[in-house]
Amino acid sequence: MKGYCVYNGLDVPINVAINVAKYVGRNVGRTERLGAILSKIKSNIRFTIKSLSKEFAVNEKTIERDLEILKQQNKIIFIGSKKSGSWKIIN
């Protein structure tokens, strides 16, 4: 299948395997984590605090602090309800 590879015995899209290999189980620094979060927001990739904490191998509170830092730097804003809202880049 084009665009797929085998990861843990499953056919998954190549970008999933790349992201898993890039982040899961690897504790990256704050600067790299903030950049990755901004990149996800720019690409309109939906995420939860829990999913980011697993992806970056950090506590959920760490992700909450990271999002707060980006908010205080006027880089992002949360729009919508807590359940269905999303983060947006501030121009």
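Here are the numbers for this structure:
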read-out	value
So PHE78, is it under 15 Å from the mean Cα position of the chain (by Cα) and closer than 15 Å to ALA36 by Cα	no
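So that you can scan it fast, the table gives a plain yes or no per residue for (1) of a type in the set (D, E, K, R); (2) in contact with a His (Cβ under 6 Å, 6 or more places away or on another chain); (3) at pLDDT 95 or above; (4) not in a helix (DSSP H, G or I):
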position	(1), (2), (3), (4)
ALA36	no, no, no, no
LYS54	yes, no, no, no
VAL58	no, no, no, yes
LEU67	no, no, yes, no
LYS71	yes, no, yes, no
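The values are calculated or read from the model by the stated rules, or taken from the named source; none is laboratory data. Nothing here was measured: the structure is a model prediction, and the numbers come from that model. Heads up, the Cβs are rebuilt from the backbone with ideal geometry, glycines too, and the neighbour counts pull from every protein chain shown.
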